[in-house]
Amino acid sequence: MSLPVAPKPALRRFHQASWDEPIIFELSTPGERGVLVQRPAAVESEALSRRAGQVAAVRRSTAPALPELAQMRVVRHFLRLSQENLGADFNVDIGQGTCTMKYSPKINEALLRTTKAMDLHPLQDESKVQGILEIFWRTEQLLAEISGLERVSLQTQGGSAAIWSNIAMIRAYHESNGEGESRDEVITTIFSHPSNAACAKAAGYKVITLMPDADGYPDIEALKAAVSPRTAALMITNPEDTGIYNARIREFVDLVHGVGGLAAYDQANANGILGITRAREAGFDLCHFNLHKTFSTPHASGGPGAGASAVSAKLVPFLPGPTIDKVGDRFVINGDHPQSVGKIAPFYGVTPNIIRAYAWIMALGAEGLRQVAEIAVLNNNYLLSQVLAIPGASAPYAEGKRRIEQVRYSWEELFEETGISSEEIGIRLSDFGMHYWTSHHPYLVAQPFTLEPTESYSKTEIDEYVAALAEVVRECREEPETVRTAPHNQTVHHIHHDDFDAPERWAITWRAYQRKYFGAVPASEATPAAVADPAVR
Amino acid sequence: MTEQAVHPYIPNTAPDSRAAMLAATGAASIEEFYADIPAELRVKGLLNLPEPFTAEADLERHVSSLLAKNTSTREYLTFLGAGVYNHYVPAVVEDVIGRSEFLTAYAGEPYEDHGRFQALFEYQSLMAELLNMDVVNVPTYDGYQATATSLAMAGRITGRRTVIVASDVHPDKMSKVRDYVRPFLDLVVVPTVDGVADLAAVRSLVTDETAAVWLETPSYFGALEAAGAELAATAHDRGALLVVGTDPIGCGVLAPPADWGADIVCGDIQSLGVRQWFGGGRGGFISVHDDPAFVLEMPSRLFGIESTTVEGEYGFGDVAWDRTSFALREEGKEWVGTAAALWGIAAGVYLSVMGPAGMAELGETLLARTAYARQTLAALDGVELTDTALHLREFTIDVAGTGMTARRLVELMRSKNIDAGVVAGEHRLLVCVTELTNTADIDTLAAALATTFQEN
């Protein structure tokens with residue numbers, strides 16, 4: 001047979017790269033070098049020799065047992081690992097709900113590749129860093145308008161860190177009013193990100209978690225019962241991880257304000273409401289955005305992201321310091337904030353992500369941001385209609401209502417029919433080059449999966465995703481073993497889980513693995529060659 | 001619903017796709033999807049934002065023109081440290097972390113994302129060799145967070161609430177740590193003597209109520225602690241822990257803190273293959289021995305190696321998931337979220353390419369260069385070293401003898417196009433050297449300082 005080639009099958013015949021790559025220590029060959037570094041000049045060695053006694057007291061007795069590899073071998077190893085990783089650039093990445101896996105534009109990567117961004121020190125003469133200060137300042141202004149609040153801090157490196165920043169400001173605010181001791185409770189909801197509860201606890205608060213009512217909304221009666229003069233704050237998401245918008249949010253905020261508490265808006269789920277509704281309109285005192293979600297900066301295999309905390313006027317004095325201010329036509333670093341919570345993180349923020357987010361907003365403008373929201377919501381409701389057409393799928397709560405930017409679905413019906421869990425379905429889905437995430441814990445929705453298509457995926461791609469999902473569901477009914485024994489087309493096969501929770505058996509580093517399973521000598525007594533020697537195994 | 005142009009980042013702005021999708025949902029307009037948002041909560045009209053640069057070429061020109069206003073540390077002479085360091089990043093590192101497979105991934109399973117799990121397990125393992133400890137976390141946000149959490153862990157492990165601060169700590173780090181731990185820990189700061197811990201004073205303050213002695217080596221002023229073993233014994237004798245903040249850049253040549261008794265070691269990984277990024281390239285490491293009493297107090301993710309159903313195949317996964325806030329919300333240890341994984345991969349590539357010889361040689365160069373810089377600046381009239389400790393990379397000079405404040409000196413040096421250091425006191429200047437500031441640069445600094453002193 002020759003040309004023509006038969007049409008492509010309906011589903012992609014995907015296989016993830018699988019290099020069977022050893023751990024880098026196993027690749028070590030004594031004597032190889034990856035890069036040569038500067039050696040001390042004679043005058044420098046001479047200066048150090050005058051301190052020989054001091055040096056001897058702190059000198060390492062054996063070299064660290066790092067692997068020894070020529071440069072190209074290091075390159076090959078890590079590029080093989082990179083191929084074994086499915087970035088959002090490769091995948092119809094609509095399955096990582098709550099995480100807004102949108103396109104990170106390539107122009108923004110190109111903009112960063114300059115010494116005028118990468119090689120700036122935060123304590124340089126201000127006159128030499130006016131450009132980067134201006135980008136920070138402008139980004140703050142843009143996000144202040146997008147939130148409707150007064151002022152923004154870009155200091156934090158992720159959404160959870162921004163939640164921490166907000167709780168730190170809440171604590172400082174109440175202390176400034178002499179209510180630091182008496183207000184010792186924070187209220188959140190079960191469908192808000194776990195870090196709202198966890199950060200509040202870490203800051204010393206008692207946490208009250210509201211459960212949803214029968215329709216999936218946070219229970220306003222439960223809130224009425226929970227608020228009191230002990231309430232420091234409400235920390236809440238809207239729409240919550242169900243994608244359901246809580247129309248009574250202003251009442252929630254008013255109830256908390258009524259007892260003197262503050263209201264903090266977790267806007268990790270802001271993508272569907274950009275330019276539609278804001279923290280300001282709902283009366284919030286604080287909010288935060290994840291620049292790596294809504295504002296397109298790449299998720300970087302788990303960070304760095306960037307958090308932006310926005311506050312109303314009464315909380316401005318408590319913002320992390322220093323701030324970047326505009327004085328006349330100059331940009332200055334201003335550390336004069338006596339009520340500030342101080343530092344939340346080093347210096348001013350995750351510079352590369354602030355440049356990316358700035359460029360992304362400036363590529364879109366007000367109309368573009370609204371388009372982002374509207375198409376994200378259109379995509380989500382389209383996806384909802386297609387997923388619900390798969391027998392066995394459901395979208396619990398708020399029946400008949402539209403959803404905003406994501407939906408937490410359930411395979412409960414399919415599980416009851418086939419006994420196959422949502423986790424198993426997700427792993428089989430990966431064999432088609434797709435991925436989905438289930439839910440935060442605890443699972444309130446049975447057999448959950450959470451999809452958020454953002455604005456970045458075309459109708460064709462959404463259809464392709466749904467077709468793969470439908471095929472796995474067909475398999476669940478007709479050839480369940482295919483699903484149960486998945487994955488089949490991945491880098492590796494089913495991973496055992498016997499050792500991850502057993503302290504005597506877990507292995508968090510290669511040396512711990514060598515020690516526990518091969519009786520390797522402690523690294524303090526080993527030479528690099530001994531650790532690298534396969535005979536040790 | 002506004003009618004706009006098709007946007008390249010938003011495929012379904014294409015009119016046919018939008019119409020087909022609307023039809024499939026049975027909605028007459030996109031506005032229907034927002035029916036639950038009350039009118040009084042709606043933004044009236046459009047946000048007040050600047051006009052966008054819709055053409056990519058215009059955007060490129062706009063952002064590049066802002067960045068072009070900067071002068072980087074590669075374009076003039078700087079001796080700035082104080083937590084952010086101008087080290088050389090081998091080209092290999094940026095090639096790997098620039099790969100969009102790593103850059104754009106997030107939270108896939110260890111099947112389709114095997115690569116990042118292995119790369120981060122290797123990062124943990126490489127750091128473990130450098131630090132001579134068996135457990136290292138997937139990086140947290142930064143060294144400040146790592147330190148705050150390490151001290152919080154010490155409080156939980158010991159059930160005590162006093163921390164003895166025995167070193168000179170970066171004031172910003174101190175600000176973060178203080179605010180973070182104040183509900184459950186009290187910090188007692190013991191002034192240093194000759195740049196390092198006052199062993200006698202620390203001994204007199206450590207009691208059965210002490211959770212930890214906290215050391216920083218190198219300290220904020222670059223001094224290396226010489227009495228680590230004695231301080232460890234002092235803490236351990238009373239059931240307290242020794243928490244040590246360090247910069248792993250020196251560990252190729254310096255004894256890692258675990259060798260002299262540290263229980264928890266923490267710090268930032270920026271020096272290991274991450275550019276300065278205006279202070280925005282940062283990741284925090286926390287390292288402990290393989291003791292569940294310590295490991296189960298860590299909030300960060302920990303990637304472990306595991307077998308698969310195929311012989312000879314490595315799999316990876318989360319160790320002890322049920323200690324995290326992902327699993328347990330407020331009942332987990334502090335919290336965990338998106339932090340600094342890509343910088344962890346960068347540090348792993350850095351250590352792989354440097355190897356034991358590279359780390360040892362670089363450490364030696366930094367020690368020798370610091371000694372040379374101190375000797376050279378101390379030879380200037382009116383300049384004194386502030387202590388006699390051994391230093392790595394940073395040190396302070398006292399310029400009182402020149403009759404000028406450190407702030408004034410910095411300004412005058414800036415007029416000569418040199419950022420000479422960071423003001424660390426009225427007459428105290430914190431000077432930093434790295435492999436990117438060679439002897440000629442140090443000599444230039446010394447000559448410019450001498451001229452400045454003469455001129456003023």
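Of the residues A:Pro40, A:Pro4, A:Pro30, A:Pro9, which is part of a loop (DSSP other than H, G, I, E, B), at the interface with chain B (Cβ under 9 Å from one of its Cβ atoms) and not charged (D, E, K, R)?
Matching residue, one of A:Pro40, A:Pro4, A:Pro30, A:Pro9: A:Pro40.
For A:Gly178, all conditions in the list (1) at pLDDT below 95; (2) over 23 Å from A:Ile344 (Cβ atoms); (3) of a type in the set (Gly, Ala, Ser) hold save one; what is the number of the exception?
All conditions are met except number (1).
For the condition closer than 30 Å to A:Thr189 by Cα, under 25 Å from the mean Cα position of the chain (by Cα) and of a type in the set (A, V, I, L, M, F, W, C), what is the one hit in B:Ala341, B:Ala327, B:Ala346, B:Ala368?
Unique residue meeting the criteria: B:Ala341.
What tally of residues in segment A:210-251 results from selecting those that are part of a loop (DSSP other than H, G, I, E, B) and either among the aliphatic types (A, V, I, L, M) or free of Cβ contacts under 8 Å to residues at least 60 places away in the same chain (or both)?
14
Considering A:His497, A:His488, which residue is within 19 Å of A:Pro9 (Cβ to Cβ) and assigned to a loop (DSSP other than H, G, I, E, B)?
A:His488
Given (1) within 7 Å of chain A (Cβ to nearest Cβ); (2) over 21 Å from A:Glu84 (Cβ atoms); (3) at pLDDT 95 or above, where does B:Ile345 come up short, assuming only one miss?
Tallying (1) within 7 Å of chain A (Cβ to nearest Cβ); (2) over 21 Å from A:Glu84 (Cβ atoms); (3) at pLDDT 95 or above, B:Ile345 fails exactly one: (2).
Suppose we filter segment B:89-105 for residues that are touching a residue at least 24 places away in the same chain (Cβ under 8 Å) and within 7 Å of another protein chain (Cβ to nearest Cβ); how many remain?
Of the residues in that region, 5 qualify.
Which ones in segment B:186-225 are surrounded by fewer than 22 Cβ atoms within 10 Å (Cβ to Cβ) and in contact with a Leu (Cβ under 7 Å, 6 or more places away or on another chain)?
B:Val188, B:Val190, B:Leu199
Would you be able to tell me the number of residues in segment B:117-137 that are facing chain A (nearest Cβ under 7 Å) and under 29 Å from B:Met174 (Cβ atoms)?
6
Please give the number of the condition B:Gly355 fails out of (1) farther than 26 Å from B:Thr217 by Cα; (2) touching a helix residue (DSSP H, G or I) at 6+ places or on another chain (Cβ under 9 Å); (3) among the small types (Gly, Ala, Ser); (4) at the interface with another protein chain (Cβ under 7 Å from one of its Cβ atoms).
With (1) farther than 26 Å from B:Thr217 by Cα; (2) touching a helix residue (DSSP H, G or I) at 6+ places or on another chain (Cβ under 9 Å); (3) among the small types (Gly, Ala, Ser); (4) at the interface with another protein chain (Cβ under 7 Å from one of its Cβ atoms) applied to B:Gly355, the lone miss is (1).
Counting only residues that are surrounded by fewer than 18 Cβ atoms within 10 Å (Cβ to Cβ) and closer than 20 Å to B:Arg99 by Cα, which one in segment A:46-78 is nearest to the other protein chains (Cβ to nearest Cβ)?
Only one residue fits best here, namely A:Gln71.
Taking the criterion of being crowded, with 24+ Cβ neighbours inside 10 Å and at the interface with another protein chain (Cβ under 9 Å from one of its Cβ atoms), would at least one residue in segment A:251-271 satisfy it?
no
Among B:Asn48, B:Asn86, which is under 30 Å from B:Arg374 (Cα atoms) and within 7 Å of chain A (Cβ to nearest Cβ)?
The conditions single out B:Asn86.
Are any residues in segment A:351-379 within 23 Å of B:Ala35 (Cβ to Cβ) and either facing chain B (nearest Cβ under 8 Å) or acidic (Asp, Glu) (or both), and if so, which ones?
Residues satisfying the conditions are A:Ala366, A:Glu367, A:Leu369, A:Arg370, A:Gln371, A:Val372, A:Glu374, A:Ile375, A:Val377, A:Leu378, A:Asn379.
Determine whether A:Gln155 is more than 8 Å from every other protein chain (Cβ to nearest Cβ) and crowded, with 22+ Cβ neighbours inside 10 Å.
yes
In the set A:Ala42, A:Ala70, A:Ala6, A:Ala10, which member is touching a Lys or Arg at 6+ places or on another chain (Cβ under 9 Å) and either hydrophobic (A, V, I, L, M, F, W, C) or more than 30 Å from B:Phe117 (Cβ to Cβ) (or both)?
Only one candidate passes the filter, namely A:Ala70.
The values are calculated or read from the model by the stated rules, or taken from the named source; none is laboratory data. Note that this is a predicted model, so its numbers are computed, not measured. For neighbour counting, all protein chains shown are included, and Cβ atoms are generated from backbone atoms with ideal geometry for every residue, glycine included.
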